[in-house]
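The values are calculated or read from the model by the stated rules, or taken from the named source; none is laboratory data. Not measured: the values here are computed from a predicted model. Heads up, the Cβs are rebuilt from the backbone with ideal geometry, glycines too, and the neighbour counts pull from every protein chain shown.
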Amino acid sequence: MRKLFFLISLLLIISCKNIETKNKATDCTRTISLSENSICLPLFQGMTECYLNENIQKIVNNRIPKGSLGLGFYLNDKNYKEFQAEDERFFGDYLLFFSTEVLMNRKVTYNQFSELASFDKLIKDDWTSINNILKKEADDLLFDKPVIIGTYSLDKNHSSTIILTKYRDENQDFFRITISNCYLIKNKVIFSAYNDEYTDREVVQGIKKNNDYLALRFLQENE
């Protein structure tokens, strides 16, 4: 009986390992190499990872600061199907993963990560540079300086900053929420930004829930 129990247990363990291996392969829509590490871009239900689309990649690369490297970009399925190359605004919910040329091949300690994880200084001290990028890529819009709503962490290797942005076209004001995330994964620092439209205070919680799910999945798939 003990031998039988041992064999059944062994089979269960082997089966679990096979399932885990299979899931790891199928749960990544794409993998990227950062130095000696492999980073998984998860397969998110209802979103399409489309950074390798030539038209989308060009737009995304023009929107991130100089010295940054786009890694992955997700649009919700509806916006991806309706995407037109001449419409460069992406005014739906989207998720961007990126790193920097400086950090891509650098091993980072937890203490260094803690210093890099704060977006407060970037928004407060480097708004001019960010605004110049926005004006270049959307010259028909006027952007006001963003407001930081709050910061929080989901994990010791994660930090988020919630940012409210106001912009204006000729006749109307618009507001968007950006949740900027910083991750320490395999001694590498990776950033992401999740964006969606802001209508009232209640919508922030929904956007935060979506961001938290995406962030935790990213962390889990790269443990």
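Pairs are defined by a Cβ separation below 8 Å, a sequence spacing of at least 6 or placement on different chains, a first member in the range 27-46 that is on the phi > 0 side of the Ramachandran plot, and a second member that is of a type in the set (Lys, Arg) and crowded, with 17+ Cβ neighbours inside 10 Å; the pairs so defined are Ser35/Lys188.
Within the range 57-83, the set of residues being aliphatic (A, V, I, L, M) and over 22 Å from Glu221 (Cβ atoms) comprises Ile59, Ile64.
Check Arg176, Arg217 and return the single one that is more than 18 Å from Val60 (Cβ to Cβ) and either of a type in the set (Val, Ile, Thr) or touching a strand residue (DSSP E or B) at 6+ places or on another chain (Cβ under 7 Å) (or both). Let's see the steps before the verdict.
Details: Arg176 fails: more than 18 Å from Val60 (Cβ to Cβ).
Result: Arg217 is the single residue among Arg176, Arg217 that is more than 18 Å from Val60 (Cβ to Cβ) and either of a type in the set (Val, Ile, Thr) or touching a strand residue (DSSP E or B) at 6+ places or on another chain (Cβ under 7 Å) (or both).
Each row is one residue, and each column tells you yes or no for (1) on the phi > 0 side of the Ramachandran plot; (2) hydrophobic (A, V, I, L, M, F, W, C); (3) at pLDDT below 90.
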site: Asp139; (1), (2), (3): no, no, yes
site: Ile148; (1), (2), (3): no, yes, yes
site: Leu154; (1), (2), (3): no, yes, no
site: Ile163; (1), (2), (3): no, yes, yes
site: Ile190; (1), (2), (3): no, yes, no
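Taking the criterion of being charged (D, E, K, R), closer than 24 Å to Pro65 by Cβ and over 15 Å from the mean Cα position of the chain (by Cα), would at least one residue in the range 148-156 satisfy it?
Taking the range 148-156 and keeping what is charged (D, E, K, R), we get 155-156.
Of the ones still in play, those that are also closer than 24 Å to Pro65 by Cβ are none.
For the range 148-156, residues charged (D, E, K, R), closer than 24 Å to Pro65 by Cβ and over 15 Å from the mean Cα position of the chain (by Cα): absent.
Among the residues of the range 154-173, the ones that are of a type outside the set (S, T, N, Q), closer than 20 Å to Arg63 by Cα and part of a strand (DSSP E or B) come to 6 in all. Farther than 18 Å from Val60 by Cα, in contact with a Lys or Arg (Cβ under 6 Å, 6 or more places away or on another chain) and either crowded, with 18+ Cβ neighbours inside 10 Å or at pLDDT 90 or above (or both), is that true of Tyr198? When the stated conditions are applied, Tyr198 passes them.
Restricted to the range 59-84, and to residues there that are among the charged types (D, E, K, R) and more than 16 Å from the chain's Cα centre (by Cα), the residue that is nearest to Ser99 (Cα to Cα) is Lys66. Scanning the range 186-223 for residues that are farther than 28 Å from Val108 by Cβ and not in a helix (DSSP H, G or I) gives Asp196, Glu197, Tyr198, Thr199, Asp200. The set of residues in the range 80-137 that are part of a helix (DSSP H, G or I), modelled with pLDDT of 70 or more and polar (S, T, N, Q) comprises Asn111, Gln112, Ser114.
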